[in-house]
Amino acid sequence: MSARVESNDWGPGASILASEVLVALRGALEETPLIVEHRLYRGASAPVRLIFDDFGRLDEYLRTQTRKGDSVWVWRYDALCRADNPLAQGKIPDSRGFVPKGGAY
């Protein structure tokens, strides 16, 4: 469990739970899934990375799985995950190393 450390200069700032932020997230989710990176305040662990396509689940996560001081970053899936910018792309081959040229994807 993380504790508030005063030397981290706590004060007013951006809140992921602000009503205008939640309205923007809800609106974006009507168009595309959202990629969420949850960075734990003094958590001594790697960030949690998730994808949400439902506002209710995102809102529940933000209200129940985060703690004071955590940092939450959100990106639009459609802006980042496109066919023209993959790091890698391929298909799983069969036992002969063959892959289908087409497919129902």
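Just so you know, all these numbers are worked out from the coordinates, no wet-lab data involved. The shown structure was predicted, so the numbers you read here are calculated from the model rather than taken from an experiment. Reconstructed Cβ throughout: ideal geometry from the backbone, glycine too, with neighbour counts over all protein chains shown.
Of note:
- Residue among Ala24, Ala14, Ala28 that alone is among the small types (Gly, Ala, Ser) and surrounded by fewer than 12 Cβ atoms within 10 Å (Cβ to Cβ): Ala14
- Leading residue by the ranking (farthest from the chain's Cα centre (by Cα)) among those in the range 43-71 that are within 23 Å of Gly13 (Cβ to Cβ) and of a type in the set (Val, Ile, Thr): Thr64
- The range 39-64, subset part of a strand (DSSP E or B) and touching a helix residue (DSSP H, G or I) at 6+ places or on another chain (Cβ under 8 Å), residue surrounded by the fewest Cβ atoms within 10 Å (Cβ to Cβ): Ile51
- Among the residues listed as Val36, Val99, Val72, the single one being of a type in the set (A, V, I, L, M), free of Cβ contacts under 8 Å to residues at least 40 places away in the same chain and either surrounded by 14 or more Cβ atoms within 10 Å (Cβ to Cβ) or not in a loop (DSSP other than H, G, I, E, B) (or both): Val36
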